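All remarks here apply to the structure that follows.
Please treat every number below as a calculation from the coordinates, not as lab data. What you see is a predicted model; the values in this text were computed from it and never measured. When we count neighbours, we look across all protein chains shown, and the Cβ atoms used for this are built from the backbone with ideal geometry, even at glycine.
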Number of protein chains: 2
Amino acid sequence: MGVKQPSTADRRVQRTRASLRQALVELLAERGWDGFSVQDVCDRANVGRSTFYTHFADKEELVAGSFDDLRRALRAGLPAPTRGPRRPLAFTRGLIEHGLEQRRVFLAIVGKRSGLVVQRRFRDLVLGLVREDLAAGPAGVVPREAVVAFVGGALLEVLTWALEAKGTPDAAELDALFHRLVAPVLVEAGVLPGVV
Amino acid sequence: MGVKQPSTADRRVQRTRASLRQALVELLAERGWDGFSVQDVCDRANVGRSTFYTHFADKEELVAGSFDDLRRALRAGLPAPTRGPRRPLAFTRGLIEHGLEQRRVFLAIVGKRSGLVVQRRFRDLVLGLVREDLAAGPAGVVPREAVVAFVGGALLEVLTWALEAKGTPDAAELDALFHRLVAPVLVEAGVLPGVV
DNA sequence: CCGTTAGTGGACATGATGTCCAGTACGCGC
DNA sequence: GCGCGTACTGGACATCATGTCCACTAACGG
C-alpha cells in the first residue's frame, strides 16, 4: 500500500509533498479527475515524475491525504458541547459552508467530471460523519446502519444538488432545509426523541 | 457521439450487439468496471475488436443501452393505477427486488469496484424515477428538486447498504423500511397529504 | 563539512486505446 | 438459389499513460 520510503522529517520531503498536493487540488478543480495525468501533476508541482513514485503509488494515494485533512477540519469545526439536548447532525453546517466556499473543488469531487475513487472517498467521509454523530444518540427501532445510509445518502445528494444549482445558495438556508427534512426521519427511526 | 453506422435491421448486427451486451454484463459482475478491457469484452463475445468500434465508441457507450433497458423494465413493472390515493414511490419495490435478484451485477454497479460512468448513470436513473413519481404529487413548500435529491440519495444509499450487507435481506421488508423512513419526509415537504 | 538521503531526468517495458484497411463471409432481396 | 452489398475479421499502426529502474546531482542535517 504505502510506498513512503522517504523519512517524513526531511524538509525536501515536506516541500515535495506539499507541492504535489497543491497541484493536485488545482488540477482537480480545473480539469476533473480524468483530465490530468501524473505527469501533469508533476509538471505543475515542479517535481520529477520519478520522484512522484517514491512518495505515492498513484494519483489515488496522493488524493487520499487531502481527504484526511478535510475530515479532520470538519470534525474540528464542531461547536462546543453545550449543556442540554445535543443538536444532532450539527456538522452539516460546516460541511455545507465548506462545500460552497470551495465550490469548484467540491464540484470536481461530487460532479460528473469526478473519478470513482474521489467520489467514493467523499461518500465514505460523509457517511462516517453521520455514523459517528448518530452513534451518540439512543438506539432506535430501525437498524442503525440503515438510518446512516438513508441520512448520509440524502445529505450527499442535497449537497450535490446545491453545488450544481445555478445561483449561489445560502449555506444557512440550505442547512435549515436539510434539517427540516431530516428531523422527522430521526424521530421516526427513534434516534431523536420527538413527538411520541 | 453515436457511431452506429451499421443498419440496425441486419441480423448480423443484432447478434453482434447482443453478444457484446451479454459479455459486458457478465464481465461487469465478475471483475468490476475497471477489471476488463474492450479486448476482453470482444474475446468473450467472440467479436473482432475492430467490429466493436464500428458499433460503439467505447465501453461506456456499450453499457448505456443496458441502462435504458433497465429503466424501461422498472417503469413497466408498476402496478396499475388503482382508484383512491396513489401510493407514492411505488417503483421502489420493483427496484429493490430487481436489485436483490441480480445482486452481483448491482453490486458491480453500486459497489466500490464500479466505475464512475456506471455509478453516475444508475444514480441518474434512480433520481429520474423519483422525479417522475413526485411530479405527479402536489407542489410542496420545499423546492421540488431538493426533495428529489434528498429522497433519491436516501434510496440509493439504502439500496447500496442492503446489497453490501452480509445476509440476504427480504425485498418486502426492505421496501417497508425505506417507506417508513421516507413517508414523514414527504409529509414535511408537503408532497404527501399527511397529518397537518 | 561530509556522509546520507532525496530529487532528477531519461530510458525502457507494458498494456490499453482508437484508427485503418484489405480480405472474407454472410444476410438480404431479387 | 444467386449475387450484391454490407458487416465482420484480424492484424498493423500510432499514441499515450503507467510504473520501474538507474546513474547522477543536490541539499539537508548532524
Per-residue mean of C-beta atoms belonging to partner chains within 10 Å, peptide B:138-148: 3
What does the C-alpha gyration tensor say about the overall shape of the stretch B:82-159? Classify as rounded when a/c is under 1.5, otherwise prolate if a/b is larger than b/c, or oblate. oblate
For residue A:29 and residue A:53, compute 0.36 nm times the residue count separating them, minus their Cα-Cα distance, and round to one decimal in nm. 6.4 nm
Are there trypsin sites (Lys or Arg not before Pro) in the stretch B:4-60 that DSSP puts in a loop and that have at most 14 other Cβ atoms within 10 Å, and which ones? B:4
Based on the alpha carbons, how large is the Rg to Rh ratio for chain A when Rh follows Kirkwood? 1.04
Could you tell me the center-to-center distance, by alpha carbons, between the stretch B:124-161 and the stretch A:23-78 in angstrom? 33
Only counting other Cβ atoms within 10 Å, I'd like B:121, B:180 sorted with the fewest neighbours first. B:180, B:121
Sorted by Cβ neighbour density within 10 Å, fewest at the top, the residues B:112, A:166: A:166, B:112
When you have a sec, figure out the Kirkwood radius of the protein assembly as shown from all distinct Cα pair distances and drop it here in Å to one decimal? 23.1
Let me check against my output: what whole-number percent is the relative contact order of the stretch B:69-178, with C-alpha pairs under 8 Å and at least 6 apart? 33
Give the residue from B:90, B:179, B:163 lying farthest towards the positive end of the charge dipole for the stretch B:73-193; charges sit on Cβ (+1 for Lys and Arg, -1 for Asp and Glu) and the dipole is referred to the Cα centre. B:163
May I ask you to derive the FRET efficiency for residue A:172 and residue B:22 from their Cβ-Cβ distance with R0 = 41 Å, giving the value to the nearest 0.05? 0.20
Take residue B:120, project a point 7 Å from its Cα along the Cβ direction, then tell me which residues of the stretch A:155-171 have their backbone nitrogen under 15 Å from it. A:160-161, A:164
So for chain A, averaging the separation of alpha carbon pairs under 8 Å that are six or more residues apart and normalising by length, what relative contact order in percent results? 21
Based on the Cβ-Cβ distance from residue B:164 to residue B:87, what FRET efficiency comes out when R0 is 25 Å, to the nearest 0.05? 0.35
